[in-house]
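Reviewing the structure listed below.
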Amino acid sequence: MAAAVILSGGQSSRFGSEKSRAQFGTTTLLERAITAASALTEEVLVIGPWAPEGTNYVVEPERFGGPVGALAFALTQVSAEQVLVLAGDHPLLQPRLLAELIRLCAEGDSAAVVPVTENGPQPLVACYDHSVLSDAEQMLRQGERSMRGLLSRIATQYMPEQEWRTFDAHGWSFLDVDTPGDLAELLHLVPTDFEP
């Protein structure tokens, strides 16, 4: 089985407080991401300063170094061949989509499977082969930290909208929370008892 890594170590500067602890209905943003990934993987690891009881977490040595740095560090902490990489501020992740990302990554020849929305590739709702670690580390040594730059270096399978909508018809998985206004909008848009 795959592992899941949830990136939750950002500064939350636009949110004004630690957004991973923000409530979404009866639970937190981070806990919702953990729940979505837990049924699909044998290991869930949070990269960030906390996780709820029962979930492993670790703080990356260089905090706030961006997602490539967090990804590289995360890949040193897990041994699974396929690693689901998720942002901790996506409270509506759809397990059917996540399962398909893992399947495509495991069965194909690509080093990453990344959905593409109208806003471009979504590298933090994606699945990566463990071999991506060497490319990410090389980028960091060269001072490069762009996730899209990483995707251009590796064999990336992009999942177009007509494919991912089969597994997430409304695109819930890609809705993230950057500000308190985003959180309020999502809570208004989706019933708080919504389950994937």
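The values are calculated or read from the model by the stated rules, or taken from the named source; none is laboratory data. Because the structure is predicted, anything quoted here is derived from the model rather than measured. Every residue, glycine as well, gets a Cβ built from its backbone with ideal geometry; the counts of neighbours run over all protein chains shown.
Might you let me know whether segment 10-27 holds any residue that is part of a strand (DSSP E or B) and at pLDDT 90 or above? The answer is no, given that none of the residues of segment 10-27 is part of a strand (DSSP E or B) and at pLDDT 90 or above. Does residue 109 satisfy the condition of being crowded, with 16+ Cβ neighbours inside 10 Å and either at pLDDT 90 or above or in contact with a Ser or Thr (Cβ under 9 Å, 6 or more places away or on another chain) (or both)? No.
Quick check: is even one residue across segment 166-177 out of contact with any helix residue (DSSP H, G or I) (no Cβ under 7 Å at 6 or more places or on another chain), surrounded by 13 or more Cβ atoms within 10 Å (Cβ to Cβ), at negative phi and without any contact (Cβ under 8 Å) to a residue 40 or more places away in the chain? No, segment 166-177 has no match at all. Of the residues making up segment 112-135, those that are buried (at least 20 other Cβ atoms within 10 Å of the Cβ) and touching a Phe, Trp or Tyr at 6+ places or on another chain (Cβ under 9 Å) are 112, 113, 114, 115, 122, 125. Pairs linking a residue in segment 36-59 that is in contact (Cβ under 8 Å) with a residue 60 or more places away in the chain to a residue that is small (Gly, Ala, Ser) and in a loop (DSSP other than H, G, I, E, B), with Cβ atoms under 6 Å and 6 or more positions apart or on different chains, are 41/2.
Given the criteria in a strand (DSSP E or B), surrounded by 22 or more Cβ atoms within 10 Å (Cβ to Cβ) and not hydroxyl-bearing (Ser, Thr, Tyr), does residue 150 qualify? Judged against the criteria, residue 150 is not a match.
Screening residue 178 against (1) under 26 Å from residue 25 (Cα atoms); (2) of a type in the set (Asp, Glu); (3) at pLDDT 95 or above leaves a single unmet condition, (3).
A search for C-beta distances below 7 Å between a residue of segment 100-118 that is assigned to a loop (DSSP other than H, G, I, E, B) and any residue that is hydroxyl-bearing (Ser, Thr, Tyr) and modelled with pLDDT of 95 or more, counting only pairs 6+ apart in sequence or on different chains, returns 110/156; 111/128; 111/131; 111/156. Scanning segment 74-89 for residues that are assigned to a loop (DSSP other than H, G, I, E, B), crowded, with 23+ Cβ neighbours inside 10 Å and not acidic (Asp, Glu) yields one hit, 88.
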